There are 2 protein chains.
Amino acid sequence: MNREHMVLGAFLFNPQGDHRMSWRHPDAPGADIFGLSYFQRLAALAESACMDALFIADHVAMWDSYESNVAHYANARLEPITLLSALSAVTRDIGLIGTVSASYSEPYNTARMFASLDHLSQGRAGWNVVTSGMDEEAMNFGRDANLEHRFRYERAAEYLEVVETLWDSWEDGAMLVDKATGAFADPSRVHRIDHDGAHFKVRGPLNVPRSPQGYPLIAQAGASSDGRDLAARYADLHFTRYRGIDDGRAYRQDFDARLARFGRAPGSLKILPGIQPIIGESAAEAEEKRARLESLVPERLGVDMVSSWCGVDVSGMPLDGPLPDLPDEAHYNGQRTNLKRMQGLKEQNKTIREVARLLANAGGAQVMAGTATDIADEMEAWFKAGICDGFILMFPILPTDCADFVNKVVPELQRRGVAQTRYREGTLRDKLGLARPANRFARSR
Amino acid sequence: MNREHMVLGAFLFNPQGDHRMSWRHPDAPGADIFGLSYFQRLAALAESACMDALFIADHVAMWDSYESNVAHYANARLEPITLLSALSAVTRDIGLIGTVSASYSEPYNTARMFASLDHLSQGRAGWNVVTSGMDEEAMNFGRDANLEHRFRYERAAEYLEVVETLWDSWEDGAMLVDKATGAFADPSRVHRIDHDGAHFKVRGPLNVPRSPQGYPLIAQAGASSDGRDLAARYADLHFTRYRGIDDGRAYRQDFDARLARFGRAPGSLKILPGIQPIIGESAAEAEEKRARLESLVPERLGVDMVSSWCGVDVSGMPLDGPLPDLPDEAHYNGQRTNLKRMQGLKEQNKTIREVARLLANAGGAQVMAGTATDIADEMEAWFKAGICDGFILMFPILPTDCADFVNKVVPELQRRGVAQTRYREGTLRDKLGLARPANRFARSR
């Protein structure tokens, strides 16, 4: 494994920044979040700092259970595949990782789109596999409510198996393009996959030849046990959240055991915790920035978030009273990481008002607030402790906080020799020191 | 309706050109059909001639029923949404029309991708709706064979209804982005669609605001009666094939009647026949070019095509004997236009060998061969006869035949005042003189 430098990925879910109400900040963009040039400038900024990837998260629904969600939250966003494909034309080195739901799409289409993006970007595509945890999502795809958690993950594993087999269906070199003989492809190296499983039936072959990376990079986020197993089996990159070094150490150990169970080396999966950097000229200024962010949140939105995360409507309950009784995890089909967080906060006797503020103000990622040096210190400490291979950077306000990070923190990390100062040649896998997967059909010849 | 200029669309299915064995031609590209720069150059060429659109056809499968299909035919191609999204970043005016199958995708995803492409391209997106007629396609999506023809079209109509309603789910102006008050959107103008039909159940709203064109342009190809009805009900642009002016006149009359049945004005649908221009300095040179193309086709491929189109394996039958008994149209689930063509050829007592040569050498589009003046004459005559609103240009060999057309035929058409010499301002709909659709939710306020 290449641990010569820390992997840095710029996170985009709310295109205005990861703080939930980022769009209200004076520095945040307006309607330009639906044009390419805004994202092109962000990508150029990230490339100027030799960041490894853009990481675009997504939902396939509006979050609109409560009216405040629609009124106050910036739900609308461009679809990731289209956005990343457009960005592939105007970037050179940065990885292009996007979310597609394995629950609400067809494996043939997903395999083809990522293979195409990998070709178009000359080997920079990555797929963040999610199973989708919101009822609103399920209801856009013929269902009445979310799929059961375990079932979603079982199905996602089969989905990944199908997609990877499709990516192998053209062996490397199967395309001949021999104009003299008229042989376009070698039929003995183009394979039907004839998958017939519990959830999918797919014949293949894919109608795109094997792409530069063999398999586009596979990313996974979601820290439930099922989620971790999926990552340990299939992913190259795992996006998670740490509360600190001790938490990270335990998490890494857990993952190493899971990787071993799937016959993989401990270093073959890059673990990247998300962090929310808040940079000030002084610790006091950083604190001021944080307070400013909090002031952007309408209270009602926070309360409705508590309802969403708990799976219980708390809007009629006293704001200064305790959290409600929480549903049993085994029967909770939402994002279990969210429910776990609620359980922890309930144990700490937080009030609904306190939790509302907390939720609305952070996505759960570790805040690293302080001067550029403070933040570089903390990132370096995490990286050198071996608990992570880098970070997903969840800038509260875009584009300004990204620019600040690029101008102030990255040079500090580069000076210390932990962040790269130029890109390696080759595909995203090459740049990250990840192997190009062998082709299952070629192996069996 | 704007009939000031003929609409010109450059067709791309085989990226090497529309002749089935175009890839073998010395001028055709090789592996560069999987990189952006090849398509970027083609798009620049088309924009230099003020062509209205790129029209990317697609299948969601390899055509591989017979081994010769894999060996000799250039089956592999980039997925259209990714390719068009990348092209949106490096083009300015040209329409970006791509095929997505309504049979093998989810309406929410399709609505979102085209809305996003419409935003990214500032209003230049178009969706060519197909229902997919190949068994190979069905088998990549959980089925044993193709869906029944009528059922496919019924389902596609409901699919379109869902997609268009999702495109309306954010009214124009629903996005407020009022930083002062914290109102991101106006909940009274963001609508769940609560569609619950025979084939789809979709709640909405879409998580992308209404796009520049309101609805991306809707294109439809496929001349079966079900196909024509779908176009007459939903499409802005219909791609078809004419055998000549009389054929075109009857076709147009048929369409005008269908449009009337759906309450639409005769001119609200652009009808564009595909033509295959073969340009020579003289008629003799054009004929030579055509013969050269024929020489590229391995005989076996043609025979296997006859089997595919007839729905009957003819490989064991005498090459100089007649076509086999054909299946009944009512029970034929492939592309009925293909079957109809076979019926016509059978009536003409063509042999299998003759039909094999015919099929392998043309996609069924009218060949217009001759000097640039000859071709301009014929195009002008069709356009002025009112049978069509322009043409889909199916260049046999790319990029050279497109360059020839741009350099020789387009200036001739421009001199005659039938082809535009500069782009109109605005979206693709604006440029073509097509109205921006009203929003169904706004209408009912």
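A few remarks follow.
- Translational diffusion coefficient (Stokes-Einstein; Kirkwood radius from C-alpha pairs) of chain A at 20 °C, 1.002 mPa s, in µm²/s: 94
- All other residues whose Cβ lies under 11 angstrom from that of residue A:267 are scored, Lys and Arg at +1 and Asp and Glu at -1, for a net of +2.
- Database remark: amide H of residue B:390 closer than 5 angstrom to the amide H of B:7 (H placed geometrically; neighbours at sequence offset of 5 or more, or on other chains; Pro and chain starts carry no H).
- Each of A:65, B:85 has its accessible area taken with a 1.4 Å probe; listed largest first, they run A:65, B:85.
- When the C-alpha to C-alpha distance is required to be over 21 Å, the pairs from A:201/A:270; A:289/B:179; A:350/B:179; B:289/B:408; A:289/A:408; B:270/B:431 that qualify are A:201/A:270; A:350/B:179.
- Evaluating kT/(6 pi eta Rh) at 10 °C and 1.306 mPa s, with the Kirkwood radius of the range A:303-445 over Cα pairs in the Stokes-Einstein relation, gives 83 µm² s⁻¹.
- The mean number of Cβ atoms from other chains found within 10 Å of a Cβ in peptide A:178-188 is 6, as a whole number.
- Here's the list of aspartates and glutamates a cross-link from residue A:340 could span, going by alpha-carbon distance under 12 Å and ignoring same-chain residues fewer than 8 apart: A:328, A:329.
- Chain A, relative contact order [Cα under 8 Å, separation at least 6], %: 24
- Fraction of antiparallel bridges per DSSP, the range B:40-141 only, in percent to nearest 5: 0
- Cα-centre dipole for the protein assembly as shown with unit charges at Cβ (Lys and Arg positive, Asp and Glu negative), debye to 20: 400
- Note: the range B:1-141, Cα convex hull, 129 Å³ per residue.
- Close amide H contacts of residue A:366 (hydrogens built in the peptide plane, cut-off under 5 Å, sequence separation of 5 or more or a different chain): A:242, A:276.
- Taking every protein chain into account, the 1.4 Å probe leaves residue A:94 with about 0 Å² of accessible area, to the nearest ten.
- Charge context of residue A:379, other residues only, Cβ under 11 angstrom, K/R +1, D/E -1: -3
- Charge dipole (chain B, unit charges on Cβ, about Cα centre) - positive-most of B:131, B:39, B:170: B:170
- Loop-located GluC sites (Glu not before Pro) in the range A:133-204 whose Cβ has at most 14 other Cβ within 10 Å (DSSP): A:148
- Whole-number accessible area per residue in Å² for the protein assembly as shown, which is evaluated in the context of all protein chains at 1.4 Å: 35
- Counted charge near residue A:68, where neighbours are those whose Cβ lies closer than 11 Å (Asp, Glu -1; Lys, Arg +1): -3
- Cα pair distances in the range A:323-381, grouped into 5 Å bins until the bin that holds the longest one, percent each: 4, 15, 21, 18, 14, 12, 9, 6, 2
- Panel note: contact residues of the range B:1-40 (accessible area lowered by at least 40 Å² against the chain on its own; 1.4 Å probe) correspond to B:23, B:24, B:34, B:36.
- Ratio of Rg to Rh for the range B:367-445: 1.13 [Cα atoms; Kirkwood radius as inverse mean 1/r over pairs].
- Chain B packed on chain A takes about 6300 Å² of accessible surface away from a 1.4 Å probe, both sides summed.
- Rolling a 1.4 Å probe over the protein heavy atoms leaves residue B:37 with an accessible area of roughly 70 Å².
- The phi torsions of the range A:312-325, fed into the Karplus equation with coefficients 6.51, -1.76 and 1.60 and a -60° offset, translate into couplings of 9, 6, 9, 5, x, 8, x, 5, 9, x, x, 5, x, 4 Hz, rounded to whole numbers, with Gly and Pro shown as x.
- Accessible surface of the range B:17-67, 1.4 Å probe, proportion on carbon and sulfur as whole %: 49
- Amide proton proximity set for residue A:128, modelled H, under 5 Å, gap of 5+: A:98, A:99, A:100, A:219
- Expressed as a whole percent, the accessible area of the range A:141-246 that falls on carbon and sulfur atoms is 44 (1.4 Å probe).
- DSSP-defined antiparallel bridges as percent of all bridges, the protein assembly as shown, nearest 5: 15
- With all protein chains modelled, accessible area of residue B:3 [1.4 Å, Å²]: 80
- Rg and Dmax, both from the Cα atoms of the range A:69-109 and both in Å, are 13.6, 38.
- Ratio of Rg to Rh for the protein assembly as shown: 0.98 [Cα atoms; Kirkwood radius as inverse mean 1/r over pairs].
- The range B:318-445 - percent of accessible surface contributed by carbon and sulfur, probe 1.4 Å: 48
The values are calculated or read from the model by the stated rules, or taken from the named source; none is laboratory data. Since this is a predicted model, take the numbers as computed values, not measurements. Here Cβ is always computed from backbone atoms with ideal geometry, including for glycine, and neighbour counts include all displayed protein chains. For the accessible areas, the whole protein counts, side chains as well, though only heavy atoms, and no ligand, DNA or RNA atoms are used. Shrake-Rupley method; radii C 1.70, N 1.55, O 1.52, S 1.80 Å.
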